[in-house]
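Have a look at the structure below, then the notes.
What follows is calculated from the coordinates using simple rules that are stated; it is not laboratory data. All of these numbers come straight from a predicted model, not from anything done at the bench. Here Cβ is always computed from backbone atoms with ideal geometry, including for glycine, and neighbour counts include all displayed protein chains.
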Amino acid sequence: MNASTVHASTATTDVPTQRREITADTVASSRRRRATRRRAVMAVLGALIVVCFAITLMVGQTFYPPADVIGVILGHDVAGATFTVGRLRLPRAVLAVLVGLCFGIGGVTFQTMLRNPLASPDIIGISSGASAAAAFAIVTLSLGEAQVSAFAIVAGLVVALVVYGLSFKSGVVGTRLILIGIGIAAMLDSVTAYVLSQAAEWDLQEATRWLTGSLNGSNWAQVVPVLVALAVLGPVLVGQSRNLSMGQLGDDTASALGVRVERSRIVVIIAAVGLIAFATAATGPIAFVAFLAGPIASRIVGPGGSLLIPSALVGALLVLVADFCGQFAFDTRFPVGVVTGVLGAPYLIYLIVRTNRAGGSL
Amino acid sequence: MTASGTLTAPDVAIVRRPRRLRGVWLLGALGVLGLLTVASVMVGSREVGLDDIVAALGGSVDGFDEAAVAKRIPRTVLAVIAGAALGMSGAVMQGVTRNPLADPGILGVNLGASLAVVIGLAYFGLSSATSFIWVAIAGAAVAALFVYTVGSLGRGGATPLKLALAGAATSAALASFVTAVVLPRNDIAGGVRSWQIGGVGGASFDSTLQVLPFLLVGFAICFLSARGLNSLALGDDLAAGLGERVAIARGAASLGAVVLCGAITAVTGPIAFVGLVVPHACRLLIGVDHRWLLPFSAVLGAALLTGADIIGRIAARPGEVDVGIITALIGAPFFIYIVRRQKVRAL
Amino acid sequence: MTTDHTLSIENLTLGYADRTVIDGLDLLVPAGKVTAIVGANACGKSTLLRSMSRLLAPRTGRVVLDGRDVHRMPAKQLARTLGLLPQSPIAPEGITVADLVGRGRHPHQGILSRWSREDDIAVAEALEATETAALAERSVDELSGGQRQRVWIAMALAQQTDLLLLDEPTTFLDVSHQIEVLDLLTDLNSTRGTTIVMVLHDLNLAARYSDHLVALSAGRVHAQGSPAEVLTEEVVRTVFGLDSRVILDPTSGKPLMLPIGRHHMTELSAL
């Protein structure tokens, strides 16, 4: 049945060896089945992203046929389309995908690491830190784009460090970290509220949109840092995916299996926080994407196997679709963060209910 | 020590004081409150003297100083009763949920009240303070029920972590709804924003008077629940064994807490952490008997909020920092300190 | 199938932030045998085991495996020789038995390696040995306590280590499952020669199932040797603070400890 080399067995009796071979076959085939399902799901998600991407480029206040869109992408000058598609829609769509990837993978990383789907970076203070820094940079210091990003990233990392440090008492207990993160988030949210309350009117508008997460006014300058972050930190995170999976078994078991738990954790935290901070710096904290991408991916991919890439894809899809809806589905134009917030909320509550009922972890 | 966070000795230093000392502490707290009240009227962006205060009390508003005082008096009154309401409401919530981390802000109750008010304002054109108050209480009740239900599912019932997370998630959800309602409405956006931060700055005797009956009802219900809360602290089973009607006691106490915090949120906007910090401090001083704990929390809460308001007025002269921000900045580190002290078992 | 390894502990001092738990302990673990460690609650049994598998760094002294300090060995290399089943392992939600057992192959898989036939065979062997092959596709959440513990042991087996440390593998299990697990461990030791070190809280089970019994007290080894040598009334009194009678267990031929309390004692129990 197996084409691979004959395994030299020390047992000489046939029946146990046969049984073992059969069991091994069963194990291998079920593993392959799960891997196939994963790959199929990722392929479908990827295809959906491409389709939605194309739709957002074509559909809008004016409809541009595919030929025009492709022309613009290739760099030709197409009357009318070059500006709308090239300068407005294309960077917006690209940023949506990139940011979605970052939030998706960053969110699921935290949820896996802390073994709790409710332990999302938006809740434990990282997004709050990035937002507070950004609001401060915009309103009080009136800084430009790049500097706002830098502020946000530093703030995100500092918050992560503080939360981690405060929850460290001869080892980190996930529970304690989550609660401390909630406390820090509350503090930072109040700082943000204060900064905004001091704002002059026109600054207030931009800052507010910023805080709920918005893709309005996306430009290529915003895309570049996120792209670089994803290109550098993304592979780092994916490389740690096996260590992350092992970490799910508990620190002791993972260590016993040869995982350098503390070291892996630091690398993972820096990478995940970096991705989230870069993304938040570009678009503001798009609510619930980080929170939901992991659980959604887990449901469609099934148990076992790494969720990092599926969650990234789910995140990208969520942002694309939500932004499109926010622009055209309602009377008012809503920023993408409000759409994900409102549509995500019921699903979020449902997830909590389900998680609590099962008493489980991710 | 159960995972449901029963308030027992390892977590909070329970010191059994003789009756006499409790009375002393209460009188002391009242004294501090009195001082702070006076200070609140005296201190602010402008310094005023005692004779200005007396004159303003008498109704005259000649001159800036007296006008300033005239503004501060309702503000101080509001700070005092808001602090009392929040302090007692927090103590009751911690007793009902047996959860040292319970607080109207953390449990999303404040945001439930906010959302209800915002919806009333935006879609139903409500405008009177009384209507806001009713709506806020309803919103607070719904949010509290929801968070408690969601947080109690599964193993271990409503553990501190599950409740806090359910509260945080619900708050996030409710906040999105609030933004969704407010964002397209430029007419109300500015007003809502300043209310959302949570402060006593916009106080007037009018709104204060209108909320007073609600608060009195809330205080009364809470006082009457004090004995029930003492029994509940032992756990549902033991309490029932002692003859307590558990469901009724819990329901009544929750109602009192929700009325207090909903009504106050309607007037001041959501102010967090008072309900968290104050009961802990009180427990350290006078123990866990709710018949003493509730009134003491009210007094200390009033003192805290008045003090926070004073700080808010001095710290950023000539501007002001709203009370909600100060309480968050003080309260969050305290919350973290409590979390660190607890022996929290990993879920 | 297993090569003999020497695992020894030299002058080990362990502790947490403010207190010292193990104080200058020396121990040589006999190769190819079943060793049980017993002692009063919080006497450091788990701490000792955790240090042996390098989860906890020692303040002084060292744990030596085949002449090398365990804390200086690369993690994966150690994991290929020494396996640990900690006290409360966590199973991610929804994971299947086969998947969980498969995690035990981690020390043998490099960063880029894919699953090989060898890995599958190792998993199959582990499943067969613990008689959990029929459960392979089931979700771990649905299993009974005894079944789940067998699955965890299977995971440790899939690691294919010559030494296996187990921290209280029978706590929280009811009696029949306790016996099930201990019999399984004995099988492993007799058929594969795996050296087993287990922390047990039940003195009598420890005496019955071990070749070498170690009693810890005050951070050191108070007594070690065969169960008959170690399980005496004097040791029980010193280590557990309990009066007892030790008789010969007719069912196993090993010593049996009968505790003496204040009530329900016949005249025969008076010393």
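Side notes on the structure shown:
- Counting only trypsin sites (Lys or Arg not before Pro) that DSSP places in a loop and that have at most 15 other Cβ atoms within 10 Å, the longest clean stretch of chain C runs over C:139-261.
- For B:Arg22, A:Arg115, order by how many other beta-carbon atoms lie within 10 Å, fewest first: B:Arg22, A:Arg115
- Chain C: relative contact order as a whole-number percent, Cα under 8 Å and 6+ apart: 23 percent
- Here the dipole of the protein assembly as shown is about 80 debye; that uses its Cα centre as origin and unit charges on the Cβ of Lys and Arg (positive) and Asp and Glu (negative).
- The residues neighbouring B:Pro333, those whose beta-carbon lies less than 13 Å from its own, together hold a net charge of +2 under the Lys/Arg +1, Asp/Glu -1 convention.
- Mean separation of Cα contacts under 8 Å, 6 or more apart, over the residue count of the range A:226-362: relative contact order %: 22 percent
- Cα-projected label distance for A:Leu161 with A:Arg33, points at 7 Å along beta-carbon direction, nm: 4.9 nm
- Highest to lowest packing among B:102-113, A:234-245, A:313-324, scored as the average C-beta count within 10 Å: B:102-113, A:313-324, A:234-245
- Cα-centre dipole for chain A with unit charges at Cβ (Lys and Arg positive, Asp and Glu negative), debye to 20: 1280 debye
- Taking each DSSP H run with n ≥ 4 as -39500 (n - 2.57) and averaging over every residue of the protein assembly as shown yields -20500 deg cm²/dmol at 222 nm.
- Our estimate of slack between B:Phe205 and B:Leu35, defined as 0.36 nm per intervening residue step minus the Cα-Cα distance, is 59.1 nm.
- Rough spin-label spacing in nm, given labels placed 7 Å along Cα→Cβ, for B:Ile248 and C:Arg114: 7.0 nm
- Helix screen, chain C: DSSP H segments with Cα axial length of 15 Å or more and mean Kyte-Doolittle hydropathy at least -0.5 are C:117-129, C:145-158, C:175-192.
- All Cα pairs of the range B:173-314, percent lying beyond 19 Å: 62 percent
- Chymotrypsin sites (Phe, Trp or Tyr not before Pro) restricted to DSSP loop in the range B:254-347 with at most 12 other C-beta within 10 Å: none
- Over all pairs of different C-alpha atoms, the range C:1-84 has a mean inverse distance whose reciprocal, the Kirkwood radius, equals 13.3 Å.
- Calculated log₁₀ intensity ratio I(q)/I(0) where the Debye formula runs over C-alpha points of chain C, q = 0.09 Å⁻¹: -0.44
- With Cα atoms as the point set, the radius of gyration and Dmax of the protein assembly as shown evaluate to 32.1, 109 Å.
- Global form of chain A, assessed from the alpha-carbon gyration tensor, a/c cut-off 1.5: oblate
- Taking the square roots of 5 times each eigenvalue of the Cα gyration tensor of the range B:73-199, largest first, gives ellipsoid semi-axes of 26, 19, 11 Å.
- Relative contact order of the range B:213-336, defined on C-alpha pairs under 8 angstrom at six or more residues apart (%): 26 percent
- Partner chain coverage, peptide B:324-336 - average Cβ within 10 angstrom: 5
- Charged-residue dipole, Cβ positions (Lys, Arg, Asp, Glu), the range A:28-102 about Cα centre, Debye nearest 20: 900 debye
- Going from the fewest other Cβ atoms within 10 Å to the most, the residues B:Met42, C:Met155, A:Met113 appear in the order B:Met42, A:Met113, C:Met155.
- Relative to the longest principal axis of the Cα atoms of chain A, helix A:261-283 runs at roughly 30 degrees.
- Shape call, the range A:208-362: gyration tensor on alpha carbons, a/c limit 1.5: oblate
- Rounded to whole Å, sorted largest first: equivalent-ellipsoid semi-axes of the range A:30-164, Cα gyration tensor: 33, 28, 9
- With R₀ fixed at 35 Å, the C-beta to C-beta distance from A:Ile55 to A:Tyr350 puts the FRET efficiency at about 0.80.
- Prolate/oblate/rounded label for the range A:263-339 (Cα gyration tensor, a/c 1.5): oblate
- The simple Förster model, with R0 at 45 Å and r as the Cβ-Cβ distance, assigns A:Ala150 and B:Arg227 a FRET efficiency of 0.20.
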